Protein chains: 2
Amino acid sequence: MTVIFSKKCELALQAVLFLSIKPKDEFLSARDISKELQLPKEFISKVLQKLTETGIVGSKKGKTGGFFLAKDPSEIRLIQIVETIDGLGVFEKCVLGFPGCSPDNPCPLHNKWGHLRDEAFKMLTEFTLAELKDSAEKKIGNLKFDIL
Amino acid sequence: MTVIFSKKCELALQAVLFLSIKPKDEFLSARDISKELQLPKEFISKVLQKLTETGIVGSKKGKTGGFFLAKDPSEIRLIQIVETIDGLGVFEKCVLGFPGCSPDNPCPLHNKWGHLRDEAFKMLTEFTLAELKDSAEKKIGNLKFDIL
DNA sequence: TTAATTACAGATTATTTTGTCTTTAATTGA
DNA sequence: TCAATTAAAGACAAAATAATCTGTAATTAA
């Protein structure tokens, strides 16, 4: 069974949403994030390292160190996280796995699926972390209850 | 990187589309299908076996044996193939991997993504093999050129 | 300066998915 | 009947993905 994003990417999105609801001068350690999102610490660490490479997240080593958003939430779009972690292949490849799928030589789902895929791309491009802050706050706040 | 369907499912959809464009009394061997779709024979075999279990595809052993559609193309919906191979998890699980994602306790993308997911589900439910026959014929006919 | 804490880097393991191989049973044509 | 051919079944191998572990460098507080 397959989902739209890899686990890595899901985790990256969760982590970044988490950073976005915290005061911007706060350093969150991988351990803190891990605890609150109930996800493996080392995995968090790995993924956030990747996001620091592309300048979405910043980091500081040492005691009191941790991760933080390197830009204002209003300037970070979901698609940037997806692109960094999974790449944009999902939005390019044929949904049925046919080679050479294009408007000239479309697969049977090319048009219908293409439309949905474009919508998804648009959604991820339009949403910034700023717009999701409120609902992210709620969801992450409720996490401790969900796990039960 | 991840797509909506697993490779197995892509392959199953291709194979079934292939069967649907052939005369209904013809037995196609895994080897024939494999050759024309340029996909591994054993994998084809595996996946079609699964589809015979759920009654979408029929099979006959022995010389002149092979696979065929067990129903009329107008009675086979894409969603049935997807359900058999990948299950319907994609249409149920949270796109961000949050636990307990529901209308009561939605993730930040719940509504927007939910809408797209429903559209995709609808598309797969509405399309029968019969409706895709023409475009499948074209696409599969062109395959030999695409590979070059 | 030292001890503690953290990100970083890379190796390693585990799991899942994908793909192959081997053997068996059914079917058919010679 | 016999040889060839095919799906079926399951073991097996390879590759991709997910997750863990280990050691190092940076930073800070004491």
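No value in this document is a laboratory result; all are computed from the given coordinates. In this text the structure is predicted, and so the values were computed from the model without any measurement. Cβ coordinates were reconstructed from backbone atoms using ideal geometry, including for glycine residues, and neighbour counts include every protein chain displayed.
You can think of it this way: the chain between B:GLN38 and B:LYS144 has 37.3 nm of extra reach, that is 0.36 nm per residue less the Cα-Cα gap. Distance between the pseudo-spin-label points of A:GLU53 and A:ASN111 (7 Å out from Cα toward the beta carbon): 4.1 nm. Under a model in which nothing but the beta-carbon of Lys, Arg (+1) and Asp, Glu (-1) is charged, the protein assembly as shown shows a dipole of about 980 debye around its Cα centre. For segment B:73-148, which GluC sites (Glu not before Pro) are both in a DSSP coil and crowded by at most 15 other Cβ atoms within 10 Å? Listed in order of number, the matching sites are B:GLU92.
For chain A, modelled as a GNM whose springs connect Cα atoms under 10 angstrom apart, the maximal fluctuation among A:LEU116, A:LEU19, A:LEU39 occurs at A:LEU116. Pick from A:LEU96, A:LEU78, A:LEU48: which residue has the top mean-square fluctuation in a GNM of chain A where Cα pairs under 10 Å get a spring? Greatest mean-square fluctuation among the candidates belongs to A:LEU96. Among the trypsin sites (Lys or Arg not before Pro) within segment A:39-148, those in coil by DSSP and having at most 12 neighbouring Cβ atoms inside 10 Å are A:LYS61, A:LYS63. Positive-end ranking of B:ILE76, B:LEU116, B:GLY89 along the dipole of segment B:45-148, with charges on Cβ about the Cα centre, is headed by B:ILE76.
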